[in-house]
Amino acid sequence: MLDVQKIRKDFPILNREVNSKPLVYLDNAATSQTPQQVIDVIVDYYQNYNANIHRGVHFLSQEATDKYEQARQKIQKHFNAEKSHEIIFTSGTTHGINLVANGFSSLLQKDDEILVSAMEHHSNIVPWQMLAERTGAVLKVIPMNEEGELIMDVFHDLLGAKTKLVFCNHISNALGTINPIKEIIDSAHNVGAAVLIDGAQAAPHIQADVQALDVDFYTVSAHKMCGPTGVGVLYGKEEWLNKLPPYQGGGEMIAEVTFEKTTYADLPHKFEAGTPNICGGIAFGAALDYMNSIGFQKIAAYEHELLKYATEQLLSIEGLRIYGTAQEKTSVISFNIEGVHPYDIGTILDKLGIAVRTGHHCAQPIMDFYKIPGTVRASFCFYNTKEEVDVLVEGVKRARNMLL
Ligand code: PMP
């Protein structure tokens, strides 16, 4: 069992007041809060060993390089990648997906097919549409049902000899659905297609094992898992990363440069042009240490309890509908109240110190599917409490009474 009160002490921001009310932070799917242990690592970096990495002979550069590469190894171990150079530092999930989509420009041909799920974040739709425009490949959509689950029979029917790539999120940010990614990966591999899984929402809740999954690419963002913004990683199987051309050119990613021809550095540097977010990468490693010190199984069990409690309590409110009722889901609740605009509910909740997200959550196709402009989304982290759920429920009731 988690000692939530002890954990909460690690997060200074949770002591804040907002609009003269204690902050109730329920926007964790957008970004999670940062524990003191990670803040200390960031401060230590800038106070003690801020230097550019990989090319300095001096002491500080070596120290920063060692810590950065240690962080890469921690991330490798966490996701069980076979090799540390299969872990590419990025600025986040969006960057990782664009890197792969750009690389596939030279591997796809006209009329090749690429499959996307109906419940993707825009960052796992738009780069592939751009790829399809560049190459003449055809983008096909794996549909979902009312519960917010992928219709797997249709997925299997869509797969064929022309399918070259499948991309899908592990967990939907708008609905919380946990998708059957192992089935997706294995079925795609049966027809010779590669698979990219967007793990941005899964990584804070589930410890993915990229070798057991046999996934070709897996992307995450540190800021959703107690780390800083502006850093993430792309895991890619070595054979795929070797096939893809570099995404950006610049320093760090070269073996030799002449005006006639440049040769590229080995992995992972081939994909890491320019000075990276050094402090961010090191802090990402510290965030993983922090989460692992609590334990992902404990985190999942506690969050599941919160989800169950919050779902029951919210459903007791008249006219409230939850979107995303999949059997397998994480601690995200997207809802609306009949006759009320989600933005109005969010604004009233904010006045009560409750932070939720309202809108389309960068997943407009899902909103179109349900024929709604958006939802109110409460997303829970392991530092949230049942008491905070009660504050949310009271707040929603109050908003309903004011707005109807
Ligand atoms: N995919 C999903 C499922 C997400 O929830 C997010 C962040 N909301 C992203 C991708 C994009 O992540 P980032 O903005 O950190 O690049």
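Just to be sure I understand: if I project the alpha-carbon convex hull of the stretch 56-169 onto a plane and average over all orientations, what area do I get in nm²?
Working: hull surface 39.1 nm².
Mean shadow area of the hull around the Cα atoms is 9.8 nm².
Is the shape of the stretch 83-131 best called rounded, prolate or oblate, per the rule: a/c under 1.5 gives rounded, else a/b larger than b/c gives prolate, else oblate, with a ≥ b ≥ c the square roots of the Cα gyration tensor eigenvalues? Before the final figure, lay out each step's value.
Numbers: a/c = 2.19, a/b = 1.33, b/c = 1.65.
Verdict is oblate for the stretch 83-131.
May I ask for log10 I(q)/I(0) of the stretch 274-404 at q = 0.10, 0.13, 0.14, 0.22 Å⁻¹, from a Debye sum over the Cα atoms as equal point scatterers with solvent left out?
-0.40, -0.63, -0.71, -1.28
Assuming R0 = 56 Å, what is the FRET efficiency of Gln109 and Arg55, from their Cβ-Cβ distance, to the nearest 0.05?
Working: r = 39 Å, r/R0 = 0.70.
Using R0 = 56 Å, I get an efficiency of 0.90.
Just report the Cα centroid separation between the stretch 329-404 and the stretch 215-287, whole Å.
About 36 Å separates the Cα centre of the stretch 329-404 from the one of the stretch 215-287.
Can you give the extra length, in nm with one decimal, that the chain gains between Asn80 and Lys386 once fully stretched, where that is 0.36 nm per residue apart less the Cα-Cα distance?
Numbers: separation 306, 0.36 × 306 = 110.16 nm, distance 3.33 nm.
Stretched fully, the Asn80-Lys386 segment lengthens by 106.8 nm.
Out of every Cα pair in the chain, what percent are spaced more than 41 Å from each other? If you can, show how the numbers build up before the last one.
Numbers: 13412 of 81406 pairs.
Of all Cα-Cα pairs in the chain, 16 percent lie more than 41 Å apart.
For Val138 and Ile317 in one chain, what is 0.36 nm times their gap in residues minus the Cα-Cα distance, to one decimal in nm?
60.0 nm
Report the per residue volume, in Å³, of the convex hull enclosing the C-alpha atoms of the stretch 41-91.
Numbers: hull volume 4.5 nm³, N = 51.
Per-residue hull volume (Cα only) is 88 Å³.
Report, in deg cm²/dmol and to the nearest 500, the calculated mean residue ellipticity at 222 nm for the chain, where each DSSP H run with n ≥ 4 adds -39500 (n - 2.57) and the sum is divided by the residue count.
Values: 14 runs with 155 residues, N = 404.
Computed ellipticity for the chain at 222 nm equals -11500 deg cm²/dmol.
Normalised by the number of residues in the stretch 51-292, what is the relative contact order in percent for Cα pairs under 8 Å and 6+ residues apart? Intermediate results must be reported in sequence, preceding the final value.
Details: 469 pairs, mean separation 58.0, N = 242.
Reported relative contact order: 24 percent.
Counting alpha carbon pairs within less than 8 Å and at least 6 residues apart, what relative contact order, in whole percent, applies to the stretch 212-334?
On the way: 126 pairs, mean separation 24.4, N = 123.
About 20 percent, as a whole number.
Could you work out which residue, out of Gln297, Gln47, Gln73, moves most in a Gaussian network model of the chain, that is, has the largest mean-square fluctuation with Cα springs under 10 Å?
Gln47
Could you calculate the contour length gain from Glu256 to Ser293, that is, 0.36 nm times the residue separation minus the distance between their Cα atoms, to one decimal place in nm?
So the chain would gain 9.1 nm between Glu256 and Ser293.
Over the chain, what relative contact order in percent results from Cα pairs under 8 Å that are six or more residues apart?
That works out to 23 percent.
Step by step: find N for the stretch 51-292, compute 2.2 N^0.38 Å, then divide the Cα radius of gyration by it. What's the final number? Please report the intermediate quantities before stating the final value.
Details: Rg = 18.0 Å, N = 242, 2.2 N^0.38 = 17.7 Å.
Against the empirical 2.2 N^0.38 Å value, I get 1.02 for the stretch 51-292.
How long are the semi-axes of the equivalent ellipsoid of the stretch 149-295, taking √(5λ) for every eigenvalue λ of the Cα gyration tensor, in whole Å from largest down?
29, 24, 11
Looking at this model, which pairs from Lys182/Lys329; Lys308/Lys386; Lys21/Lys397; Lys9/Lys67; Lys224/Lys329 are more than 19 angstrom apart at the alpha-carbon? Intermediate values should be presented prior to the final figure.
On the way: Lys182/Lys329 16 Å; Lys308/Lys386 10 Å; Lys21/Lys397 17 Å; Lys9/Lys67 27 Å; Lys224/Lys329 17 Å.
With Cα atoms farther than 19 Å apart: Lys9/Lys67.
What is the Cα convex hull volume of the stretch 30-115 when expressed per residue in Å³? Intermediate results must be reported in sequence, preceding the final value.
Numbers: hull volume 13.6 nm³, N = 86.
Spelled out: Cα convex hull of the stretch 30-115, divided by residues, is 158 Å³.
Only the coordinates and a few stated rules stand behind these numbers; no lab work does. Quick caveat, the model's predicted, so the values are computed rather than measured. When we count neighbours, we look across all protein chains shown, and the Cβ atoms used for this are built from the backbone with ideal geometry, even at glycine.
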